[in-house]
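These notes concern the structure reproduced below.
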Amino acid sequence: MRNVLLATLLLAAPALAAPVDPAPVVAAERAFAADGLELGVQGAFLKHSAPEGIVFQPEPVLAKAVFGAPQPKGRPLVWWPLWAGIARSGDLGFTTGPYTFDGKPRAYYFTVWARQPDGQWRWLYDGGPPSDMTNAAPQGSDVAYARLAERRAGSPARAMAAVARAEIALHAAAKSDVKAAVLAVVADDGRIVGSRAAPPTTRAEIETELGTRPAAIAYAPLGGSASSAGDLAWTYGAASWTAGDGSAQRGHYVRIWRNDKAGWRLLFDELLAAPPLKTPPTAPESAATASSGGS
């Protein structure tokens with residue numbers, strides 16, 4: 001009897017301990033990129049975006065409204081993932097990597113992905129700052145995986161409530177010292193981008209990157225969502241600051257938060273500059289509500 005029970009447990013163990021990794025998210029990104037060459041930019045972005053997927057134009061708008069019906073392919077946009085992450089529940093993830101346009105190096109993209117009720121992956125956000133990709137690894141290179149979260153909030157609602165509290169504290173501190181505010185909550189394997197430098201991968205490089213940001217920034221959240229396990233979340237919002245010449249500047253932020261043992265930590269943060277705004281920014285109605293990142 002003991003041998004039968006042991007055999008049963010051993011057979012069941014692989015299913016119970018099935019590893020979670022970002023491979024499905026990476027595959028979705030690569031399929032998206034392949035369609036970019038096959039269908040053109042508009043066709044691919046339309047095909048792979050979630051109903052609530054957004055882009056900044058420069059304000060956050062629904063991708064479906066921006067891209068509409070597929071258009072002629074135009075000049076080639078080529079991109080490939082080099083870093084990716086996923087929730088333990090396997091329904092929310094991200095990838096980032098370099099891209100070229102018409103054969104010329106341009107920058108790094110960042111895409112947030114959600115698994116849909118039908119099991120397909122669709123992106124929730126796509127964009128990125130003009131980062132240097134001179135020394136970027138070429139297409140076909142291995143993709144580095146971010147560490148999985150160590151804790152689960154148990155539901156998207158509880159996760160987003162905790163992330164909202166974390167952002168309130170971050171935003172309050174950033175009004176006087178952006179660098180200190182971000183360093184206090186960034187994960188040890190996190191990435192902070194926004195300048196034209198290559199994405200940093202070490203703490204020292206993160207500190208250098210933060211040194212390029214304004215000393216003080218006023219942030220205002222606009223939306224985001226969390227995984228069903230409540231271990232990973234993404235957020236976006238508005239940002240404003242005063243430049244060295246005294247002029248008013250503005251932009252947006254996009255973040256990935258991970259539920260670590262020490263609490264919610266910034267796994268990714270990008271600051272995107274935008275032209276001056278005449279009216280207050282608003283989030284797309286269907287994208288502004290915090291909800292689960294997938295099924």
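Work out, step by step, the length gained on full extension between Ser176 and Ala218: first 0.36 nm times the residue separation, then minus their alpha carbon distance; give nm to one decimal.
Going from the current span to full extension adds 14.2 nm.
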- prompt: Quick one: longest stretch of the chain between exposed loop GluC sites (Glu not before Pro), exposed meaning at most 16 other C-beta atoms within 10 Å and loop per DSSP?
  reply: 1-149
Stretch gain in nm, segment Arg165-Glu150, where the contour uses 0.36 nm per residue and the Cα spacing is subtracted: 3.5 nm
- line: antiparallel share of DSSP beta bridges within the chain, to nearest 5, in %, is 85
query: Which of Asn135, Leu222, Ala161 sits farthest toward the positive end of the charge dipole of the chain, with +1 on the Cβ of Lys and Arg and -1 on the Cβ of Asp and Glu?
result: Ala161
query: Length gain on complete extension for the stretch Ala65 to Gln116, per 0.36 nm per residue less the alpha carbon to alpha carbon distance?
result: 16.4 nm
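I need Met133, Met160 ordered by Cβ neighbour count within 10 Å, fewest first. If you can, show how the numbers build up before the last one.
Values: Met133 18, Met160 22.
With the fewest neighbours first, Met133, Met160 line up as Met133, Met160.
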- prompt: Looking at segment 174-216, which trypsin sites (Lys or Arg not before Pro) are DSSP coil and have at most 15 other C-beta atoms within 10 Å of their C-beta?
  reply: Lys175, Arg196
query: Which one of Ala181, Ala239, Gly263 has its Cα pushed farthest toward the positive end of the charge dipole of segment 160-275, where Lys and Arg give +1 and Asp and Glu give -1 at the Cβ?
result: Ala239
message: Suppose only helical runs count, i.e. DSSP H with n ≥ 4. What mean residue ellipticity at 222 nm does that imply for the chain under -39500 (n - 2.57) per run, divided by all residues and rounded to the nearest 500 deg cm²/dmol?
response: -8000 deg cm²/dmol
Segment 89-132-segment 213-277 distance, computed between alpha-carbon centres (Å): 17
statement: Computed over segment 23-145, the convex hull of the Cα set has an average projected area, in nm², of 7.5
message: Within 10 Å of each candidate Cβ there may be at most 14 other Cβ atoms; applying that plus a DSSP loop requirement, which trypsin sites (Lys or Arg not before Pro) in segment 126-173 survive?
response: Arg147
- request: Return, ordered by residue number, the residues of segment 219-247 whose backbone nitrogen is under 15 Å from a label point located 7 Å along Cα→Cβ of Arg196.
  value: none
- request: Over every pair of different alpha-carbon atoms in the chain, take the mean of 1/r and invert it; report that Kirkwood radius in Å.
  value: 19.8
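Bear in mind these aren't lab numbers, they're just calculated from the coordinates by the rules spelled out. All values reported here derive from a predicted model rather than from experimental measurement. All Cβ positions, even for glycine, are placed from backbone atoms using ideal geometry, and neighbour counts span all protein chains on display.
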